[in-house]
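Rule-based calculations on the coordinates, nothing more; no lab input. Since we're looking at a predicted model, the values are computed, not measured. Heads up, the Cβs are rebuilt from the backbone with ideal geometry, glycines too, and the neighbour counts pull from every protein chain shown.
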Amino acid sequence: MVGSAIGGILFIDEAYSLSNNNDENGQEAIDTLIKMMEDHRNDLVVIVAGYPKQMEDFLNSNPGMQSRFNKHIQFDDYNEQELLEIIQYMCHKEAYELDEELVNGLQSIFLSLIEHKDSSTFGNARIVRNIFEKLIAYQANRIMSKSNLTKEDLTKLTNFNKSIILLPKITVLGRLQQLFHTLIVPDESSTVSPNCSVLPSIDFISRNLLFSSSN
């Protein structure tokens with residue numbers, strides 16, 4: 001794989017998986033990668049990416065890793081407004097529209113997710129997609145028994161009676177489920193770009209990059 005990238009760029013997502021669980025094959029792959037980076041330092045660029053904490057462990061898995069990856073780019077997590085824009089973009093792409101009350105509720109949910117996140121594993125953009133897919137599923141269930149459907153019935157995502165969206169397991173799951181219950185169960189009556197900062201490291205000049213982000 002590395003050989004085919006010579007003369008170009010090799011991108012390795014979730015690179016830390018190579019150093020997990022003391023896997024001998026993974027360690028051998030890391031050692032081989034380091035040697036290839038040294039042998040082809042003028043005609044090979046390597047970019048590795050993953051969660052911040054796990055990527056720190058990855059860098060410590062080989063004594064030569066730190067000097068090979070001396071440019072670190074940390075991508076900030078999305079804020080609640082950006083998460084809302086992401087789900088709105090998903091809706092627009094699939095010809096759906098969010099009800100205003102649902103928009104307000106989602107903002108509260110995204111804010112709570114951010115306030116109680118575990119930065120080492122929190123993939124907030126993925127959670128947005130999970131929420132979007134749940135909303136679509138409940139939309140389908142809601143209109144299944146209706147007849148004479150209008151375009152708005154088919155395309156507007158709104159409060160769903162007696163429906164609860166189950167979030168991924170996080171430490172504040174109970175609180176967030178309660179928020180969703182309040183949002184989804186009423187009483188019976190352009191592409192977001194994350195901010196990033198370049199963090200300088202060792203003085204060794206290299207074109208290789210390390211990306212870390214929860215997104």
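Using a/c under 1.5 as the rounded threshold, could you call the stretch 45-88 rounded, prolate or oblate? The axes a ≥ b ≥ c are square roots of the C-alpha gyration tensor eigenvalues, and prolate needs a/b larger than b/c, oblate otherwise.
Prolate, because a/c is 1.5 or more and a/b exceeds b/c.
Once amide H atoms are built 1.01 Å from N in the peptide plane, which residues 5 or more positions from residue 46, or in another chain, come under 5 Å H to H?
10, 208, 209
How about the stretch 64-109: which GluC sites (Glu not before Pro) there lie in a loop by DSSP and see at most 13 other Cβ atoms within 10 Å?
Taking the stretch 64-109 and a limit of 13 other Cβ atoms within 10 Å, the loop GluC sites (Glu not before Pro) found are 94.
Out of the stretch 60-139, which trypsin sites (Lys or Arg not before Pro) are coil in DSSP terms and have no more than 10 other C-beta atoms within 10 Å?
The qualifying sites: there are none.
Scan around residue 97 for amide H atoms under 5 Å from its own, H built in the peptide plane at 1.01 Å from N, and keep only partners 5 or more places away or cross-chain.
When sequence neighbours closer than 5 places are left aside, the close amide H contacts are 156, 157.
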